[in-house]
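Here's the structure, in structure tokens; my notes come after.
Laboratory data are not the source of any read-out in this text; all were calculated from the coordinates shown. The structure presented is a predicted model; accordingly, all values stated were derived computationally and were not measured. Every residue, glycine as well, gets a Cβ built from its backbone with ideal geometry; the counts of neighbours run over all protein chains shown.
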Amino acid sequence: MRIFGKGRHRPSASWRQATDRAFTLIGDGRYEDAGELLTRAADLEPWLAESWFNLALLHKFRHDWEQARAAGLRAVALLDREAGAPDWWNVGIAATALQDWPLARRAWQAYGLKVPGGSSRPKGGPGAPVSGEPVGMELGSAAVRLSPEGEAEVVWGRRLDPARMEVLSIPLPSSGRRWGEVVLHDGVPHGERTTSTGHSYPVFDEIELWAPSPVPTWVVLLEAATEADRDALEQLAADAGFAAEDWSSSVRLLCRMCSESRMPSDEGEGVHLDPHDHSEPGHPGPLGHRTDGQLWVPERECGVAAPASLVRGLLDGWVADSPDSRDWRDLEEVC
């Protein structure tokens with residue numbers, strides 16, 4: 001088979017050695033040295049799609065999106081299959097990071113995904129290509145691992161397109177992320193979260209923050225006599241267009257191996273002891289979300305995502321609805 005007049009052939013031993021060494025260096029975080037080797041490999045085998053795919057991958061790791069887009073486009077120009085190539089997925093991520101929406105649409109469609117019409121069209125009439133941001137892809141819910149190389153935290157979100165997710169949980173302050181932010185994420189899931197109904201949701205790794213949220217995160221200690229009292233605050237916040245989350249119930253500490261495996265989620269499935277939960281039972285907040293399976297602990301550590309002008313009124317209103325069973329204290333802005 002011939003591409004652009006050049007014969008396809010097995011890569012040389014020198015190409016393989018340079019590439020193998022480069023990925024070892026990438027694993028050690030030595031991106032500059034890896035880049036030199038992958039550039040040398042591309043010079044040795046410029047007609048090999050893998051040469052440019054590897055460079056695009058390296059630039060993605062470095063968050064150098066201009067270079068990732070350029071190398072990715074060279075890779076897809078050399079492909080010998082019509083759809084489903086991961087080369088197109090990397091192009092889509094780079095294009096999304098750069099808000100190059102025409103290229104992002106082209107990438108997702110070339111990969112084999114259906115992309116609905118966009119919000120804007122360039123001049124040229126009804127037949128002109130759609131250029132707006134991809135919307136309405138209806139990819140559903142998923143989870144994203146924030147800060148995957150650091151103090152990783154898995155939170156729930158809504159997929160906006162194949163490379164972006166809106167965070168719907170309230171992340172812990174250690175993640176540096178807020179409710180409502182949009183993060184760019186990688187294409188290959190690392191782990192799953194399952195529900196009692198049998199539904200399974202992929203866990204993607206965050207690459208970087210794509211759009212920040214202006215809504216601050218607060219931590220507050222609640223006195224909630226019952227689960228219904230706790231639920232009332234979460235509903236009150238949601239009705240106001242913001243969020244509250246009982247971190248005493250929703251947070252689990254997992255080792256990396258467990259986090260990247262197939263794990264059950266806590267979505268209203270009742271209290272049960274989880275052998276993979278490495279937190280300390282009976283303690284509210286990040287150090288333990290489980291009791292012995294029977295006892296409700298009235299003191300709850302709660303995250304609230306709301307503007308400073310609203311948060312105290314929200315909490316006071318919650319208490320006013322049932323002052324005998326509710327109270328709050330120690331409100332602090334944490335992110």
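Laid out as a table, the results:
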{"read-out": "Shape call, region 148-188: gyration tensor on alpha carbons, a/c limit 1.5", "value": "oblate"}
{"read-out": "Segment residue 197-residue 325, length gained on full extension (0.36 nm per residue, minus Cα span)", "value": "42.8 nm"}
{"read-out": "Cα gyration tensor shape for region 31-92, rounded if a/c is under 1.5, else prolate or oblate", "value": "oblate"}
{"read-out": "Fully extended contour minus Cα-Cα distance, from residue 234 to residue 23, at 0.36 nm per residue", "value": "71.4 nm"}
{"read-out": "Net charge dipole size for region 127-211 [Lys, Arg +1 and Asp, Glu -1 on Cβ; Debye, nearest 20]", "value": "240"}
